[in-house]
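Beneath this line is the structure, given in structure tokens, with notes to follow.
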Amino acid sequence: MCGIVGYIGDKEAYPIIIKGLHRLEYRGYDSAGVALLNGSLNVYKCKGKVSDLETFAKEKDKKGNIGIGHTRWATHGEPNDVNAHPHCSQSGDIVLIHNGIIENYAPIKQELKKRSYVFKSETDTEVLVNLIEDIKKNESVSLFEAVRIALNQVVGAYAIVVFEKSNPDELIAAKKGSPLVIGVGEKEFFIGSDATPIVEYTKNVIYLEDEEIAVLKRSGEIKIKTIKNKAKTPYIEELEMKLDTLEKGGFPHFMLKEIYEQPRSIKDSMRGRLNATKGTVNLGGIADYEKAFVNAKRIIIIGCGTSWHAGLVAEYLFEDLARIPVEVEYASEFRYRNPVIHEDDVVIAISQSGETADTLAAIELAKSKGATIIGICNVVGSSIPRATHAGSYTHAGPEIGVASTKAFTAQITILTLMALQIAQAKGTLSRTKFHELINELNVIPEKVQAVLERNKEIEAIAKIYKDARNALYLGRGYTFPVALEGALKLKEISYIHAEGYPAAEMKHGPIALIDENMPVFVIATQGTSYEKVVSNIQEVKARKGKIIAVVTEGDTVVKGLADYTIEVPQADEHLVPLIAVIPLQLLSYHVAVMRGCNVDQPRNLAKSVTVE
Ligand code: G6P
């Protein structure tokens, strides 16, 4: 994880770097630092957020038009001032920031210690910067060459930016496994872990590939080589990102803004793909792979966190509509399980960031066994879409709040379109049902909007349960993954212990926890399991549990049983997850705000998990 920023050009580097670090803070926020060169090399770093770094550096000399900055999510060594990046080499000549993990840092460190290197921090990064220094000295090579040789010796993942005190005219950047984007301006370069620190300065970007090193010169020249010393031609792409999507736009938190964006983001996911008037669904990104789906004996869906929950919804969709067996796997388990993968398997990898290390590794594994890999990602140009055979972007726009909201509904939208397209190609769905579903999907944004308008009611319920110590979320069929997602939202931002369960499974364990203090959130919308869920509600009531139910407008039965209900518009049960999750997102948001939690940056979490 971690966010890295770099600048070289005519402008003052510090304001660019600080602004960039704020944009990247979603990637980690336990410590931050900058290094600026202006005759002398000034390194400022401290524990805490980027704003703490700004306070720390307030009275200090921040001049310089070359510099690097880092916001950290600790892997090696606790978050403190010393372990914060940038890290300097022993002589103080070379300075480096790093996102990733150097797995073989221990033997390298031992070796360097024998050569009288002394380490101040517990980080793998300080090992790397000293390795570079050692190579540079012993082999009398340039910094670029020393970095290249060093990177051939390390095992693990890295995105690094490095420069040296004696050369104010060059920044060196390299990556493997962790993302790195270079913004190309007029005789200036910007570097970021993603394009968000770059977008307001230039639309021209280069996505560095794995094992590539770039040297960025003040003159405007850029050279890229692989770590095996093969020259590469820089490929400049145009950014599509809009600046206003990176601001809070009047909302107190990004999470709330992103919850409210869902009517639009769902529409954007469908734009150009669903045509309700003509009655067509066409995900262009998978057009060439439709046959692979049609012939697939099995679909394997991989993802982590919220993306895995979207995969669970897709399991119901693909099995129900396209009659293809589906397995949904945690990428982190799948990759190490020696899974059975056939050439006629289709693997769908779901990831908001497109950078999750476990998902990426699971893709590589499945690819090596000959399966077809389809990606569903939000961040354009990220690593996962580039590692897959084909796929569809969700087009939800940048998601900054660490707790995923609009990315989840966008993923489900794409998965629904995909299941419909494949069902049509396979002939497993009647024309009438196909048209009914696309007409319904087309109006989902309005239904989501209607749920958002119940925000005040939801806030009032949040107030009643904000001090709960535990919570249970129940759903069945299509709403079971929604229960999991509701529980995840609550625990990740408000630190209340919450569990999601299939409603009927409650009897096999969680029922033991129910007492008069336990809020049980039940998704009891109309659908095939409705009556069964009603019985599960009775079971909770019989044990004095408190029921807060999400119900379909006009419901009377559950209303008569529940302590509180939140109505959502009627929808076909295939599409219910898209609207039933909205009140649960809002509820978690309000609980977290009332408990004084940092909603956008919950403790210990990061948005982009580029370590396994
Ligand atoms: C982290 C984030 C979650 C996200 C998960 C998977 O845990 O905090 O919001 O669902 O990673 O990330 P991805 O980018 O692959 O969807």
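The values are calculated or read from the model by the stated rules, or taken from the named source; none is laboratory data. Source: prediction; values computed, not measured. Note: ideal-geometry Cβ built from the backbone for every residue, glycine included; neighbour counts use all protein chains shown. Just so you know, the surface numbers come from the protein's heavy atoms only, side chains and all, with ligands and any DNA or RNA stripped out. Shrake-Rupley method; radii C 1.70, N 1.55, O 1.52, S 1.80 Å.
Can you go through Glu315, Glu319, Glu258 and tell me which one is open to solvent by less than 70 Å² (accessible area, probe 1.4 Å), closer than 27 Å to Ser608 by Cβ and either away from the ligand (no atom under 16 Å from the Cβ) or part of a loop (DSSP other than H, G, I, E, B) (or both)?
Glu315
Taking the criterion of being over 24 Å from Gly183 (Cα atoms) and within 10 Å of the ligand (Cβ to nearest atom), would at least one residue in segment 376-385 satisfy it?
Of segment 376-385, the ones over 24 Å from Gly183 (Cα atoms) are 376.
If we keep only those that are within 10 Å of the ligand (Cβ to nearest atom) too, we end up with 376.
Looking for residues that are over 24 Å from Gly183 (Cα atoms) and within 10 Å of the ligand (Cβ to nearest atom), one finds at least one in segment 376-385, hence yes.
Would you call His76 of a type outside the set (Lys, Arg), closer than 20 Å to Tyr14 by Cα and within 23 Å of the chain's Cα centre (by Cα)? Can you show your working first?
On the way: of a type outside the set (Lys, Arg): yes; closer than 20 Å to Tyr14 by Cα: no; within 23 Å of the chain's Cα centre (by Cα): yes.
Considered against the rule, which asks whether it is of a type outside the set (Lys, Arg), closer than 20 Å to Tyr14 by Cα and within 23 Å of the chain's Cα centre (by Cα), His76 comes out as no.
Which of (1) more than 16 Å from the ligand (Cβ to nearest atom); (2) part of a helix (DSSP H, G or I); (3) not acidic (Asp, Glu) does Leu429 not meet, given it meets every other one?
(2)
For the condition under 23 Å from Ala487 (Cα atoms) and either within 10 Å of the ligand (Cβ to nearest atom) or outside any helix (DSSP H, G or I) (or both), what is the one hit in Ser404, Ser392?
Working: Ser392 fails: under 23 Å from Ala487 (Cα atoms).
Among Ser404, Ser392, only Ser404 is under 23 Å from Ala487 (Cα atoms) and either within 10 Å of the ligand (Cβ to nearest atom) or outside any helix (DSSP H, G or I) (or both).
Would you list the helices (runs of 4 or more DSSP H) that sit entirely within segment 492-607 and hold 2 or more residues that are farther than 21 Å from Ile464 by Cβ and open to solvent by less than 60 Å² (accessible area, probe 1.4 Å)?
Passing ranges, in order: 530-541, 576-594.
From the list Ala462, Ala423, Ala390, Ala419, which one is over 24 Å from Arg271 (Cα atoms) and touching a helix residue (DSSP H, G or I) at 6+ places or on another chain (Cβ under 6 Å)?
So the residue among Ala462, Ala423, Ala390, Ala419 that is over 24 Å from Arg271 (Cα atoms) and touching a helix residue (DSSP H, G or I) at 6+ places or on another chain (Cβ under 6 Å) is Ala462.
What are the residues in segment 448-479 that are charged (D, E, K, R) and surrounded by 21 or more Cβ atoms within 10 Å (Cβ to Cβ), if any?
Narrowing segment 448-479 to residues charged (D, E, K, R): 453-454, 456-457, 459, 463, 466-467, 469, 476.
Arg476, the sole residue that qualifies.
Within segment 203-235, work out how many residues are buried (at least 21 other Cβ atoms within 10 Å of the Cβ) and assigned to a loop (DSSP other than H, G, I, E, B).
Residues in segment 203-235 being buried (at least 21 other Cβ atoms within 10 Å of the Cβ) and assigned to a loop (DSSP other than H, G, I, E, B): 1 in total.
Can you tell me which of Glu247, Glu240 is open to solvent by 40 Å² or more (accessible area, probe 1.4 Å), over 30 Å from Asn455 (Cα atoms) and within 22 Å of the chain's Cα centre (by Cα)?
On the way: Glu247 fails: over 30 Å from Asn455 (Cα atoms).
It is Glu240.
Among (1) open to solvent by 10 Å² or more (accessible area, probe 1.4 Å); (2) at pLDDT 95 or above; (3) not in a helix (DSSP H, G or I), where does Ile376 come up short?
Condition (1) is where Ile376 drops out.
Using beta carbons and a limit of 8 Å, which pairs, at least six apart or on different chains, have the first residue in segment 339-359 and more than 8 Å from the ligand (Cβ to nearest atom) and the second one open to solvent by 10 Å² or more (accessible area, probe 1.4 Å) and among the acidic types (Asp, Glu)?
Once the first residue is more than 8 Å from the ligand (Cβ to nearest atom) and sits in segment 339-359, its partners that are open to solvent by 10 Å² or more (accessible area, probe 1.4 Å) and among the acidic types (Asp, Glu) give Pro339/Glu329; Ala357/Glu612; Asp358/Glu612.
Determine which single condition Val482 fails, assuming it passes every other condition in (1) within 15 Å of Ser588 (Cα to Cα); (2) open to solvent by 10 Å² or more (accessible area, probe 1.4 Å).
(2)
Search segment 362-403 for residues being under 18 Å from Val340 (Cα atoms) and among the charged types (D, E, K, R), and hand back the single one that is nearest to the chain's Cα centre (by Cα).
Glu364
If we keep just the residues of segment 285-312 that are open to solvent by less than 10 Å² (accessible area, probe 1.4 Å), away from the ligand (no atom under 16 Å from the Cβ) and in a helix (DSSP H, G or I), which is farthest from Thr479 (Cα to Cα)?
The residue in question is Ile286.
Suppose we filter segment 31-60 for residues that are within 30 Å of Gly354 (Cβ to Cβ) and open to solvent by 30 Å² or more (accessible area, probe 1.4 Å); how many remain? Please lay out each step first, then the result.
First, pick out the residues of segment 31-60 that are within 30 Å of Gly354 (Cβ to Cβ): 31-35, 45, 47-54.
Then drop every residue that is not open to solvent by 30 Å² or more (accessible area, probe 1.4 Å), which leaves 45, 47, 49, 51-52, 54.
Summing the residues that are within 30 Å of Gly354 (Cβ to Cβ) and open to solvent by 30 Å² or more (accessible area, probe 1.4 Å) in segment 31-60 gives 6.
Do we have any residue at all in segment 405-416 that's farther than 17 Å from Asn275 by Cβ, surrounded by 24 or more Cβ atoms within 10 Å (Cβ to Cβ) and aromatic (Phe, Trp, Tyr)?
Scanning segment 405-416 turns up at least one residue that is farther than 17 Å from Asn275 by Cβ, surrounded by 24 or more Cβ atoms within 10 Å (Cβ to Cβ) and aromatic (Phe, Trp, Tyr).
Identify the single condition in (1) within 24 Å of Thr405 (Cβ to Cβ); (2) at pLDDT 95 or above that Asp563 does not satisfy, given that it satisfies every other one.
For Asp563, the exception is condition (1).
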